[in-house]
Amino acid sequence: MWLLDYITENKNNKKSAESGEVTYSNSEDMGVMSSNMFQSLKQVFPYGVVSVLPEGESAVVLPLKDSRLCLGTVSDNRGLEPGELLLYSKGGASIFLSNDGKVYINGEEI
């Protein structure tokens, strides 16, 4: 009986990912306000992609055993079809890889 109580109690208390607003961000770390203020977060990106999230963006924070990570921002698909890729900056620069093999930089086909 105690084992069932222990498993149930620990299952219900598991920490899960949260979303919140980026309150500060620089090349060293960042902070996100959610149910708590999460500070000194490291960011996770696919290999070869690096970014500093702008303040005010909605970010996802994942708790780990001894720390927390920012997994990135919550974003819409911007009308992309499955398989397409769009890289963009806050300033408006963009690179779009379309399914038909065309590449667009700042809206111009290359």
Please give me, ordered by residue number, the chymotrypsin sites (Phe, Trp or Tyr not before Pro) of the range 18-110 that lie in loop per DSSP and have at most 10 other Cβ atoms within 10 Å.
Tyr47
Estimated FRET transfer efficiency (Val44, Leu87; beta-carbon r; R0 22 Å; 0.05)
0.85
Taking a crude spin-label model, label points 7 Å out from Cα along the C-beta direction, the Ser98 to Leu80 distance in nm is 1.6
Length released on extending from Glu55 to Leu71, taking residue separation times 0.36 nm less the Cα-Cα span:
4.2 nm
Taking the chain, the equivalent ellipsoid from its C-alpha gyration tensor has semi-axes in Å, biggest first, of 36, 18, 11
Nearest-0.05 FRET efficiency for Leu64 and Glu28, computed from C-beta distance (R0 22 Å)
0.75
Per DSSP, loop trypsin sites (Lys or Arg not before Pro) in the range 18-110 with at most 15 further Cβ within 10 Å
Lys65, Arg78, Lys90, Lys102
Summed residue charge, Cβ within 12 Å of Val60's Cβ, Lys/Arg positive, Asp/Glu negative:
-2
Degrees between helix 2-12 axis and first principal axis of the chain (Cα, 0 to 90, nearest 10)
30
Gaussian network model of the chain, springs between alpha carbon atoms under 10 Å - residue of Ala17, Ala93, Ala59 with greatest fluctuation:
Ala93
For the chain, what does the helix formula give at 222 nm: sum of -39500 (n - 2.57) over DSSP H segments with n ≥ 4, over the residue count, nearest 500 deg cm²/dmol?
-3000 deg cm²/dmol
Net charge over other residues, Cβ less than 11 angstrom from the Cβ of Ser35 (K, R count +1; D, E count -1)
0
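Laboratory data are not the source of any read-out in this text; all were calculated from the coordinates shown. For clarity, every value in this text was computed on a predicted model and none was experimentally measured. Every residue, glycine among them, receives a Cβ derived from its backbone with ideal geometry; neighbour counts consider all protein chains shown.
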